[in-house]
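Worksheet for the structure shown next.
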Amino acid sequence: MKKTVRKKPAPPAFTLGLMSGTSVDAIDVSLVETNGDSDHLHLHLQFPFEAGLREDILGLIRNPETDLAHLTRVHYAIGAAFA
């Protein structure tokens with residue numbers, strides 16, 4: 001006779017996700033709860049990029065040849081926007 005083993009439910013885990021998509025319009029933030037079997041979205045927010053930063057990012061996409069100082073400034077500005 002095969003013994004049935006009951007799986008102990010996993011404790012809930014919360015995950016905070018941050019991203020910006022290819023449209024470079026905003027930073028998306030989501031808070032998700034999971035227990036291993038199901039997920040639940042608790043919160044989703046969008047924080048628009050400042051117009052100047054968005055233009056800097058799009059400028060780098062359109063013309064990636066730039067000097068290191070400009071690339072570094074944009075890189076740090078993106079980090080600050082996510083912070």
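Read-outs throughout are calculated quantities, based only on the coordinates presented, and are distinct from any laboratory measurement. Since we're looking at a predicted model, the values are computed, not measured. No Cβ is skipped: glycine too gets one built from the backbone with ideal geometry, and neighbour counts run over all protein chains shown.
Between the beta carbons of residue 35 and residue 4, assuming R0 = 30 Å, the FRET efficiency works out to 0.90 to the nearest 0.05. Taking the Cα centre of segment 13-82 as origin and assigning +1 to Lys and Arg Cβ atoms and -1 to Asp and Glu Cβ atoms, the resulting dipole is close to 180 debye.
Angle check, please: helix 68-82 long axis (alpha carbons) against the longest principal axis of the chain (alpha carbons), in degrees 0 to 90, nearest 10. Roughly 40 degrees between the two axes. Between the residues 24, 45, 63, the greatest Cα displacement towards the positive end of the dipole of segment 13-82, with unit charges on the Cβ of Lys, Arg, Asp and Glu, is found for 63. What do you get for trypsin sites (Lys or Arg not before Pro) in segment 7-83 restricted to DSSP loop and a cutoff of at most 13 other Cβ within 10 Å of the site's Cβ? Qualifying residues, ordered by number: 7. The share of C-alpha pairs in the chain whose separation exceeds 18 Å stands at 58 percent. Working from Cα positions, state the angle (0 to 90°, nearest 10) between the long axis of helix 51-62 and the longest principal axis of the chain. Taking Cα atoms only, the helix is inclined about 90 degrees. The GluC sites (Glu not before Pro) of segment 39-83 that meet both conditions, a loop assignment by DSSP and at most 13 other Cβ atoms within 10 Å of the site Cβ, are 50, 65.
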